[in-house]
1. Below 15 angstrom from the Cβ of GLU294, what's the summed charge of the other residues (Lys, Arg +1; Asp, Glu -1)?
2. Relative to the present Cα-Cα distance, how much length would full extension add between GLU114 and GLU267 at 0.36 nm per residue of separation?
3. Which pairs break 18 Å Cα to Cα here: LYS105/LYS136; LYS66/LYS136; LYS248/LYS316?
4. Summing +1 for each Lys or Arg and -1 for each Asp or Glu, what net charge is found among the other residues whose Cβ lies under 12 Å from the Cβ of MET173?
5. When the Karplus curve 6.51 cos²θ - 1.76 cosθ + 1.60 is applied with θ = phi - 60°, which whole-Hz ³J(HN,Hα) does each residue of region 320-326 get, with x for Gly and Pro?
6. Nearest 0.05, what FRET efficiency do ALA317 and GLN292 give at R0 = 56 Å with Cβ-Cβ as r?
7. With a sphere of radius 13 Å drawn around the Cβ of ALA129, what net charge do the other residues whose Cβ falls strictly inside it have (Lys, Arg +1; Asp, Glu -1)?
8. Once amide H atoms are placed 1.01 Å from N in the peptide plane, what residues at a sequence separation of 5 or more from ILE138, or on another chain, have their amide H within under 5 Å of its amide H?
Amino acid sequence: MKEILRHVLTLALGSALFAAPGLAIPQSQDPSQDPKTQQPPQPQTQQQSGPQPVQQKDTVNPKNSKEDVEAIGNRGVGKGVNFYSLEREIALGKQLAQEVERSSKLIDDPVVTEYVNRVGQNLVRNSDARVPFTIKVIDSDEVNAFALPGGFFYVNSGLVLRAQEESELAGVMAHEISHVTARHGTKNATKGELMQLATIPLILLGPGGWAGYGIYEGLNLAIPVTYLKFSRDAEREADFLGLQYMYKAGYDPNSYITFFERIQADEKRRPGTIPKVFSTHPPTPERIENSQKEIARILPARQEYIVTTSEFDSVKARLRNIMFSRKTQDNQPGKPSLRTKTEQSKKQPTGNDPNSTDDDRPTLKRRPDTQP
């Protein structure tokens, strides 16, 4: 038995020595062979001695990292814990988009929609997007834009009218596109599902009994909100990526900062006027300062940028006329309107006069002037 163990150990030791680089297995000498006739061992290139040249690494913009602008489209953007495959994410976004379009009115003017879609698709081509984008314009005065998981992207007409240059519109759109490329929506949903899974022990083992199930249901109802509300880190990453996508598409990334600075100035001048889109992730001075630093740090300077175009001005004027025409039609006096039963009952004639609409409420009357 000892001999067998010794033989096994010998074989194992020999295999380990053979597998170890730079180690040679001692061979038994054959007396019939003359050592002088043996060929000297050939030098191995892997065992060269002496200092080897060290490749210099780019510590500012490491290759294929999120800071390498030239590698956009071939980077690991969007990786992380995510229960949703890209196919499932697209299906989810399509379902949410149907709800949006069911409750919203879309701009159907072909000139406006084609232009906004073209600006957005240019940014998408210069991004890390892994899904196709569908871009539409919502008829709304609110300065807003949002992108759902799977690439379903909506731009409010109010945003187009508020932007002063095409690059400002592109900056906000690039920020929202970044939420999709980084998959912030489904990552948030994944966190919510993990929280749901964490409540299962409360249901099965905890003293709360059905109280644990109530917590589970409450979390389930709150999950859809997470598709559009993101953490500060997510907003910071969307700023970071959006600036790169603007730059890659040829736009001046400083226009993104200019737009938010103007929004901030309006809020200081008239508190409460900040658009709702910025209420969940306001353009804080910290975000503006970080964006300025990132532009100087990772984006190489260019001699020329796209700031605005004559087409942007013409589309903006066309959209303004469309919105003005809609408001004029909505305010027409002869246009039929819906009223509640309470409003209709107040208009019913009362008393002996069939044309009277008096509802017996007290009224104020001017007292006749009295002569002294």
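1. Charge balance near GLU294 sits at -3.
2. Roughly 51.9 nm would be gained on extension.
3. LYS66/LYS136; LYS248/LYS316
4. Once all neighbours under 12 Å are counted, the net charge is -2.
5. Running phi through 6.51 cos²θ - 1.76 cosθ + 1.60 with θ = phi - 60° gives 4, 5, 5, 5, 5, 5, 5 Hz.
6. 0.95
7. With Lys, Arg at +1 and Asp, Glu at -1, the neighbours total +2.
8. Long-range HN contacts for ILE138: ILE107, VAL155, ASN156, SER157.
No lab work stands behind these numbers, since they all come straight from the coordinates. Predicted, not measured: the structure shown is a model, and the values here were computed from it. Note: ideal-geometry Cβ built from the backbone for every residue, glycine included; neighbour counts use all protein chains shown.
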